[in-house]
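The values are calculated or read from the model by the stated rules, or taken from the named source; none is laboratory data. Keep in mind that this is a model prediction, so the values were computed, not measured. Virtual Cβ from ideal backbone geometry, glycine too; neighbours counted across all protein chains shown. Heads up: the accessible areas ignore ligands, DNA and RNA and are worked out on the full protein's heavy atoms, side chains in. Shrake-Rupley method; radii C 1.70, N 1.55, O 1.52, S 1.80 Å.
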Amino acid sequence: LPAELYRFDAGVKSVEQDGSGVTAVLADGRRETGDLLIGADGVRSTIRALLCPEARPVYAGYIAWRGLVDEAALSSETHAALFERFAFCLPPGEQMLGYPIAGENDLVMPGQRRFNFVWYRPADETPFAATPPSLTGKPFTFGSFNALPKLSDSCCAAWGTILSRVPQSRLLLKT
């Protein structure tokens with residue numbers, strides 16, 4: 001979506017709905033009206049709490065580890081075995097799956113794509129019930145492990161925005 005459609009640091013205070021559409025009333029008083037409001041604001045969704053206050057997230061009992069691998073980085077053996085397929089594995093109590101997706105800049109030519117993989121495994125809820133580290137007020141380190149040419153001006157600007165919004169944060173770069 002175009003950048004002008006995104007609202008950052010604009011918490012939703014209330015939602016109004018009628019026969020002609022939906023309006024999000026933002027914390028600063030602005031009103032954004034449209035045909036549809038998508039509450040893609042995470043597990044502790046403000047939108048869900050406003051529209052369905054009785055709904056509470058319930059821990060599903062697992063975590064998911066996700067990763068992306070550039071197609072060109074795969075060995076020829078791995079590429080031949082997995083890349084052109086929806087691959088999955090079902091170890092006891094777990095699930096792993098993988099499939100090709102578009103590469104950087106939505107490139108879909110062979111050699112320019114990525115392999116997306118997800119590993120679901122059981123995990124105790126306890127470690128995830130705590131306050132997220134970024135909200136504790138303690139120093140917080142983000143990590144970016146990427147090829148140096150991919151650290152474009154827009155990428156650096158995005159990291160600058162993130163770092164400015166998380167107090168006492170820093171960025172570890174590894175190329």
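Could you please find all residues in the range 9-25 being assigned to a loop (DSSP other than H, G, I, E, B) and either in contact (Cβ under 8 Å) with a residue 24 or more places away in the chain or surrounded by 10 or more Cβ atoms within 10 Å (Cβ to Cβ) (or both)?
Scanning the range 9-25 gives 9, 10, 11.
With respect to residue 83, is the statement that it is free of Cβ contacts under 8 Å to residues at least 40 places away in the same chain and touching a Leu at 6+ places or on another chain (Cβ under 6 Å) true?
For residue 83, the condition - free of Cβ contacts under 8 Å to residues at least 40 places away in the same chain and touching a Leu at 6+ places or on another chain (Cβ under 6 Å) - is not met.
State whether one or more residues within the range 26-40 are open to solvent by 40 Å² or more (accessible area, probe 1.4 Å), at pLDDT below 90 and under 23 Å from residue 120 (Cβ atoms).
yes
Between 90, 37, which is touching a residue at least 12 places away in the same chain (Cβ under 8 Å) and out of contact with any Lys or Arg (no Cβ under 7 Å at 6 or more places or on another chain)?
On inspection, the qualifying residue turns out to be 37.
Considering only the range 44-113, give the strands (runs of 3 or more DSSP E) lying wholly within it that have at least 1 residues that are within 18 Å of the chain's Cα centre (by Cα).
62-70, 95-101
Considering only residues of the range 122-145 that are aliphatic (A, V, I, L, M) and over 19 Å from residue 94 (Cα atoms), which is modelled with the lowest pLDDT?
129
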